[in-house]
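Read-outs throughout are calculated quantities, based only on the coordinates presented, and are distinct from any laboratory measurement. Remember, it's a predicted structure, so these values are computed and weren't measured experimentally. Neighbour counts run over all protein chains shown; Cβ positions are idealised from the backbone, glycine included.
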Amino acid sequence: MYEGNFTAILCSLLLGGETEVRHPYNVGYDLHFIRVDCENDSHVLEVGLDKRSSLDSVQQALFAASRTGKAPMVVMIDTDGREDQYEYRVRTAAKMAGVEYRVYDKDFLIRWQMTDYLRNAARTGM
C-alpha cells in the first residue's frame, strides 16, 4: 500500500473527511492551488508516511489552515512500529508550532478498512 491508500482510509473511515481538496490562492497576478490531503469540518490534515518526504508536513498544514480558517493537523502513518528520526523531527516541529500531531499504525488502518463492513452492518441492523 502507498500513502494515498492510507490517507483515503484515515480520512473517509476515521475522520469523516474528503481527500485531495483543492484550494486556490493568489500570488501577485498568478493563481495557484494547494491540495489538502484530508479536510473535514474542523481540520485540514497533512498525512505522510514515516519517511523523509514528510518533513515539510507542518508547513503544509499551517499554510492550508491559513487558506481555510480550519485547524491544522499532521498525521504520520507509522510503517515500522517505532518512532524514527523523521517522526521525531515532525512531532517536535508540530509541537513548537502548536499543530496537532497524531500517529496511526499502518496495520491498524488496514484492519480498520477490512472490518468497516462489520461496523456498517451493526449501524444499519443488517
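Which value results for Rg/Rh of the chain when Rg is the Cα radius of gyration and Rh the Kirkwood radius based on the inverse mean 1/r?
Working: Rg = 15.6 Å, Rh = 15.3 Å.
Ratio value, two decimals: 1.02.
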Two-site label geometry, Thr68 and Glu20: point separation in nm, points 7 Å out along Cα→Cβ: 1.6 nm
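When a footprinting reagent is the concern and you count Cβ atoms within 10 Å, what order do Val44, Val99 take, fewest first?
Val99, Val44
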Round to the nearest 10 and give me the degree value, 0 to 90, for the angle of helix 85-97's Cα axis relative to the longest principal axis of the chain. 60 degrees
Would you calculate a helix-derived [θ] at 222 nm for the chain, using -39,500 (n - 2.57) for each DSSP H run of n ≥ 4 and dividing by the full residue count, to the nearest 500? -11500 deg cm²/dmol
For the pair Asp84 and Arg119, the simple spin-label estimate (label points 7 Å beyond Cα toward Cβ) gives in nm 2.7 nm
